[in-house]
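Here it is: the structure, laid out below.
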Amino acid sequence: MTGSAKATVFIDNERVIVTEYRFAPGENTGWHRHGHDYVVVPLMDGKVKLLTKDGETFA
């Protein structure tokens, strides 16, 4: 799956990576793996669906 969400990296150093993702309705990040611990900070209301490699869905 190729992602269509727009990603902008603001900080990328040995301690932290800060990336902003902008999603229009129906857009996604595509399949990816998190190589670091991470925090998600929503800036507006909406719903996000997470799909695992095993087919499990979280909303």
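Readers should treat all values here as calculations from the given coordinates under stated rules, not as data from a laboratory. If you're wondering where the values come from, they're calculated on a predicted model, not measured in any experiment. We place every Cβ from the backbone using ideal geometry, glycine too, and count neighbours over all the protein chains shown.
List the trypsin sites (Lys or Arg not before Pro) within the chain that fall in a DSSP loop (any state other than H, G, I, E or B) and whose Cβ has at most 10 other Cβ atoms within 10 Å.
For trypsin sites (Lys or Arg not before Pro) across the chain that sit outside H, G, I, E and B with at most 10 neighbouring Cβ atoms in 10 Å, the list reads ARG15, ARG33, LYS47, LYS49, LYS53.
Please arrange VAL9, VAL39 by counting, for each residue, the other beta carbons lying within 10 Å of its beta carbon, fewest first.
VAL39, VAL9
Another one. Using Stokes-Einstein with the Kirkwood hydrodynamic radius over Cα pairs, what translational diffusion coefficient do you get for the chain at 20 °C and a viscosity of 1.002 mPa s, in µm²/s rounded to a whole number?
Taking Rh from Cα pairs, D becomes 163 µm²/s.
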